[in-house]
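So the structure is just underneath, and the comments pick up after that.
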Amino acid sequence: MKASEMLAGIDYKLMMGDLGVEVLDLVDDSRKVTEGAVFICRKGIITDGHSYIDDAMARGAVGIVITDDIEAADNHIPGGHAENDIRNSFVVRLEDSRDGIGQLCNNFWNYPSHKLMMIGITGTKGKTTVAYMLRSVLREAKVKTGLIGTVEIDDGVTVSPAVNTTPGTVCLYRKIADMVDNDVEVCVMEVSSQGLMLGRVDGVDFDIGIITNISPDHIGKCEHATFEEYVRWKSSLMGMCRGAVINTDDKYSPEFYFMARMQHTPIWTYGVKHYRRMYTAAKDIVGDYRAYHVENYNDRGCIGTVIEVEGNKTGIGHITLGVPGMFNVYNAVAVCAVGDMLGIPEDILNSALCEINIPGRFERITKYKGLNIYIDYAHNAASLENILKTLRKYTNGRIICLFGCGGGRARNRRAGMGSVAGKLADITIITSDNPRNENPETIISDIESGIAGTGGKYVKIVDRKEAIRYAIQIADCKDVILLAGKGHETYQDVGGCKVHMDERELIGQILEEQKDHVVCRCYS
């Protein structure tokens, strides 16, 4: 593709060079530049791509796309080893970087999101669970489905670990284009507030947008300035899709409803049966899905929920959900609504949701007899409260809750999680999560400030493996151990370096090291 074709329909200024050159690839990481590639410079929260122009040129870039002001970019272009080579390439500045980068990607990869069904999911909690549930349902219905989310990226052929919940624009478009090449029919993707704010999904053509719920989160120096800003960016997805699926039981649903209505987007709502819907008379609501007769079950330690789901157009019926918790009831009803919209019958919905297994989301470790251990990604107060209250309904023993908080993230999250654990768990073990560049003991002290006033029992063990060992040692067969915060992650970020750490492996190592000792007193 010629550079001029790649730039078609985009407002830009040609600073130097010839747009007749052939473009072989688009990248926004200078380390991935190959001969014939165009390097897109973008100023992020932590790094500035304009600082890597010389590196991109040295690797064979035929073009540079800058998004900063011209004066700032000029400071990077001259000098270094790229000074002579730059004359053989082109440099353009985008007038509107948000729309421009998405349009560049659409032009280069020929509008890949137009060629398959795109389902975007946003919300504070439940994005990953809804994404996995939807993929499971669609696969059960023999629909080839790709996934982009917090845990992994599945392009229909290759599965790779995710770096961000929503990848950067160039990576995102590349993966969607790969799905098209791999004959994927539906792409299910998580859409983070950061992804929306930073324009990562600009230009993506969403068929369905789902909102799960909203609660204060991701407010901090490198995230969102205020909760209002967070809600505003979340709600923007409703204006980017052809159909909006909104949880009307959530207190912030009006924000999403009115954003969808302003864009004339058809709306499907979901919730629980006896909630009085706020928008009963609204003519732009196409469907309304409700769960009722919610019943918990515990079959020899395998816990879940049985629900009945109804719609105002069709009755979905009986669903056995293989994960517990009212929050998962909401997730399942959202999936049932989308399934009904797509014409997927009840038996397929039920079959897929009954056997659902989601990495790091209420994940039960079943390998070791006598241990009731759950791993969950709960990393804020609301998520931790939900899972602890749910566990309380299923256990007659103690709840032993182990968690830490990430460094470099919203500091007020720490005391809040401590307070929740102190009130709802029988024993709390405060430990390390991803301390990043903070002192782990400082983070633990912040958590302790929240738990100290609750009267709850707690201990502090900085080393996460030793903290897990302690939890196993004090538990008996009636107790439940919750390892919260890490979830699907298989690493720990210490000092900015990611070292391998998988809690499933740690449990096995601990039991192997203690094989001559009693693990669960009930089995001694």
Sulfur and carbon atoms: percent of accessible area, the chain [1.4 Å] = 48 percent
Would you work out the relative contact order for the range 152-253, in percent, from Cα pairs under 8 angstrom that are 6 or more residues apart?
-> 25 percent
Rounded, prolate or oblate: pick one for the range 439-507, where a ≥ b ≥ c are the square roots of the eigenvalues of its C-alpha gyration tensor, a/c under 1.5 means rounded, and failing that, prolate if a/b is larger than b/c, else oblate.
-> oblate
Normalised contact order of the chain, rounded percent, pairs of Cα under 8 Å and 6 or more residues apart = 9 percent
Would you mind calculating the relative contact order of the range 399-524 from Cα pairs under 8 angstrom and at least 6 residues apart, reporting the percent as a whole number?
-> 29 percent
If you take the charge dipole of the chain about its Cα centre, with +1 on Lys and Arg Cβ and -1 on Asp and Glu Cβ, which of 484, 268, 440 is farthest toward its positive end?
-> 484
Hey, what angle do you get for helix 97-109 against the long axis of the chain, alpha-carbon based, 0 to 90 degrees rounded to 10?
-> 80 degrees
Sorted by accessible area (1.4 Å probe), largest first, how do 292, 377 line up?
-> 292, 377
Assign one of three labels to the range 331-390, namely rounded, prolate or oblate, based on the Cα gyration tensor with a ≥ b ≥ c the square roots of its eigenvalues; rounded applies when a/c is under 1.5, prolate when it is not and a/b is larger than b/c, and oblate otherwise.
-> oblate
Taking every DSSP bridge whose two residues both lie in the chain, the antiparallel percent to the nearest 5 is 35 percent
So how exposed is residue 46, as accessible area in Å² (1.4 Å probe, rounded to 10)?
-> 150 Å²
Quick one: of the DSSP bridges fully inside the range 403-498, what percent are antiparallel, nearest 5?
-> 25 percent
Rounded to the nearest 500, what is the chain's calculated 222 nm mean residue ellipticity when only DSSP H runs of at least 4 contribute -39500 (n - 2.57) each, over all residues?
-> -9500 deg cm²/dmol
Using the alpha-carbon centroid of each, what span in Å lies between the range 346-405 and the range 100-179?
-> 26 Å
Going through 2/234; 389/457; 234/486 one by one, the pairs whose alpha carbons sit over 28 Å apart turn out to be 2/234
Of the residues 403, 326, 371, the Cα lying farthest along the dipole of the range 308-432 towards its positive end, which is defined by charges on the beta carbon of Lys, Arg, Asp and Glu, belongs to 403
Would you mind working out the magnitude of the charge dipole of the chain relative to its Cα centre, with +1 at each Lys and Arg C-beta and -1 at each Asp and Glu C-beta, to the nearest 20 Debye?
-> 1960 debye
Over the range 336-484, what is the percentage of antiparallel beta bridges among all DSSP beta bridges, to the nearest 5?
-> 15 percent
Quick calc, the range 163-221, dipole around Cα centre from Cβ unit charges on Lys, Arg (+) and Asp, Glu (-), nearest 20 debye, gives 400 debye
Protein-only accessible surface order, largest first, of 417, 326 at 1.4 Å = 326, 417
accessible surface per residue for the chain, probe 1.4 Å, DNA/RNA/ligands not counted, whole Å² -> 42 Å²
What shape does the range 368-524 have by the C-alpha gyration tensor, where a ≥ b ≥ c are the square roots of the eigenvalues, rounded means a/c under 1.5, and otherwise prolate means a/b greater than b/c and oblate the rest?
-> oblate
How much net charge surrounds residue 325 when only other residues with a Cβ under 14 Å from its Cβ are counted (Lys, Arg +1; Asp, Glu -1)?
-> +2
Packing rank of 337-349, 122-134, 146-158, where each peptide gets the mean count of other beta carbons within 10 Å, highest leading = 122-134, 146-158, 337-349
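The values are calculated or read from the model by the stated rules, or taken from the named source; none is laboratory data. From a predicted model like this one, the values you see are computed outputs, not experimental measurements. A quick note on method: Cβ atoms are made from the backbone with ideal geometry, for glycine too, and the neighbour counts reach across all protein chains shown. Heavy atoms of the whole protein, side chains included, go into the accessibility calculation; ligands, DNA and RNA do not. Shrake-Rupley method; radii C 1.70, N 1.55, O 1.52, S 1.80 Å.
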